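S.K.: My questions all concern the structure below.
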Ligand code: BGC
């Protein structure tokens, strides 16, 4: 079965059809820079363009970088505030004339890693964290997702964990990767104290370089890099649409 997956990020909107027996992309993914400002109207046209380029007609899963309940976007930390309160599932379904499922970006990545990737054989508690513009989180138990955890918004040392240790700090502020990794470790240890996962999955663009900084991590739980890398959002979005996991 194939479903189209779309991943809305702070800098790019990416999409491709996904083969859901293997969890792989069918052909090349399309990436278009996220319109600025990233209003719902502008991003919707970008999505329409990506879907049209693939000549797709069928179900679509879409990730957004915010809390999503029953198709409605409830928060928008790293995307235009115009998304908040929008029934994105209904609006996108109307515009595209296809059935659209909308969910949080990190939740999508978590579902993808649990079904096809680094957490595939894990039956215990898994916490996936994505380090990018912000810090996203997915919380899974026995492969089932508890949606909309926002662990990047935990208060840590007087600020949000994602302000303290997001992946973007490495690029934007030229923070040394070792210094950043030590900060990440502090956050991981704090999260472990509260949730006691069996496995952490480390995601986001910076997970490509996992081996160069993972020696800084000191959690008791195992910690592994995400396997699907920058495809996890697309694959998870498509998978969520296929199982009707509309978070709602
Ligand atoms: C948002 C989350 C999102 C994460 C990664 C955070 O700022 O609140 O919903 O998953 O960024 O994009």
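S.K.: What number of residues within the stretch 93-105 are more than 16 Å from the ligand (Cβ to nearest atom) and either within 23 Å of residue 152 (Cα to Cα) or over 18 Å from the mean Cα position of the chain (by Cα) (or both)?
M.R.: Residues flagged as more than 16 Å from the ligand (Cβ to nearest atom) and either within 23 Å of residue 152 (Cα to Cα) or over 18 Å from the mean Cα position of the chain (by Cα) (or both) within the stretch 93-105 amount to 7.
S.K.: Could I ask something else about it? If I filter the stretch 79-101 for residues that are out of contact with any helix residue (DSSP H, G or I) (no Cβ under 7 Å at 6 or more places or on another chain), within 17 Å of residue 9 (Cβ to Cβ) and in contact (Cβ under 8 Å) with a residue 60 or more places away in the chain, do I get at least one hit?
M.R.: Taking every residue of the stretch 79-101 in turn, at least one turns out to be out of contact with any helix residue (DSSP H, G or I) (no Cβ under 7 Å at 6 or more places or on another chain), within 17 Å of residue 9 (Cβ to Cβ) and in contact (Cβ under 8 Å) with a residue 60 or more places away in the chain.
S.K.: Any residue at all in the stretch 28-35 that's touching a helix residue (DSSP H, G or I) at 6+ places or on another chain (Cβ under 8 Å), farther than 22 Å from residue 113 by Cβ, within 13 Å of the ligand (Cβ to nearest atom) and in a strand (DSSP E or B)? Walk me through how you get there before you give the answer.
M.R.: Of the residues in the stretch 28-35, the ones touching a helix residue (DSSP H, G or I) at 6+ places or on another chain (Cβ under 8 Å) are 29-30, 32, 34-35.
Filter again for farther than 22 Å from residue 113 by Cβ, leaving 30, 32, 34-35.
Now narrow it down to the ones that are within 13 Å of the ligand (Cβ to nearest atom): 34.
Of the ones still in play, those that are also in a strand (DSSP E or B) are none.
Among the residues of the stretch 28-35, not one is touching a helix residue (DSSP H, G or I) at 6+ places or on another chain (Cβ under 8 Å), farther than 22 Å from residue 113 by Cβ, within 13 Å of the ligand (Cβ to nearest atom) and in a strand (DSSP E or B), which makes the answer no.
S.K.: Something else about it: Just to be sure, is residue 15 more than 16 Å from the ligand (Cβ to nearest atom) and out of contact with any helix residue (DSSP H, G or I) (no Cβ under 7 Å at 6 or more places or on another chain)?
M.R.: no
S.K.: Among the listed residues 64, 84, 68, which satisfies the condition of being within 13 Å of the ligand (Cβ to nearest atom) and closer than 17 Å to residue 235 by Cβ? If you could, list the steps in order and put the result at the bottom.
M.R.: Working: 84 fails: closer than 17 Å to residue 235 by Cβ; 68 fails: closer than 17 Å to residue 235 by Cβ.
The match here is 64.
S.K.: Looking at residue 76 and the list (1) at pLDDT 95 or above; (2) near the ligand (Cβ under 10 Å from one of its atoms); (3) touching a helix residue (DSSP H, G or I) at 6+ places or on another chain (Cβ under 7 Å), which single condition is not satisfied?
M.R.: (1)
S.K.: Any idea which residue in the stretch 59-87 is surrounded by the fewest Cβ atoms within 10 Å (Cβ to Cβ), counting only those that are in a helix (DSSP H, G or I) and out of contact with any strand residue (DSSP E or B) (no Cβ under 9 Å at 6 or more places or on another chain)?
M.R.: Among those residues, the one meeting the criterion is 81.
S.K.: Please note which strands (runs of 3 or more DSSP E) are completely contained in the stretch 130-243 and include at least 2 residues that are touching a residue at least 40 places away in the same chain (Cβ under 8 Å). Full working, then the answer.
M.R.: Numbers: elements: 135-141, 144-146, 199-203, 222-225.
Per the criteria, 135-141, 199-203, 222-225.
S.K.: Suppose we filter 114, 119, 90 for residues that are more than 13 Å from the ligand (Cβ to nearest atom) and part of a loop (DSSP other than H, G, I, E, B); which single one remains?
M.R.: On the way: 114 fails: part of a loop (DSSP other than H, G, I, E, B); 90 fails: part of a loop (DSSP other than H, G, I, E, B).
Just one listed residue meets the conditions, 119.
S.K.: Moving on. Take the conditions surrounded by fewer than 17 Cβ atoms within 10 Å (Cβ to Cβ), away from the ligand (no atom under 13 Å from the Cβ) and within 19 Å of the chain's Cα centre (by Cα) and apply them to residue 143. Does it pass?
M.R.: For residue 143, the condition - surrounded by fewer than 17 Cβ atoms within 10 Å (Cβ to Cβ), away from the ligand (no atom under 13 Å from the Cβ) and within 19 Å of the chain's Cα centre (by Cα) - is met.
S.K.: Out of the residues in the stretch 117-131 that are surrounded by fewer than 24 Cβ atoms within 10 Å (Cβ to Cβ) and touching a helix residue (DSSP H, G or I) at 6+ places or on another chain (Cβ under 9 Å), which is nearest to residue 21 (Cα to Cα)?
M.R.: Residue satisfying both the conditions and the ranking: 120.
S.K.: Restricting to the stretch 36-58, give me the number of residues that are farther than 24 Å from residue 135 by Cα and part of a loop (DSSP other than H, G, I, E, B).
M.R.: Number of matching residues: 5.
S.K.: I would also like to ask the following. Return yes when residue 132 is farther than 19 Å from residue 244 by Cα and within 13 Å of the ligand (Cβ to nearest atom) and no when it is not.
M.R.: Yes: the conditions hold for residue 132.
S.K.: Taking the condition of being within 15 Å of the chain's Cα centre (by Cα) and surrounded by 17 or more Cβ atoms within 10 Å (Cβ to Cβ), how many residues in the stretch 195-244 meet it?
M.R.: Looking only at that region, the number is 24.
The values are calculated or read from the model by the stated rules, or taken from the named source; none is laboratory data. Worth saying up front: this structure is predicted, and the values here are computed from it rather than measured. We place every Cβ from the backbone using ideal geometry, glycine too, and count neighbours over all the protein chains shown.
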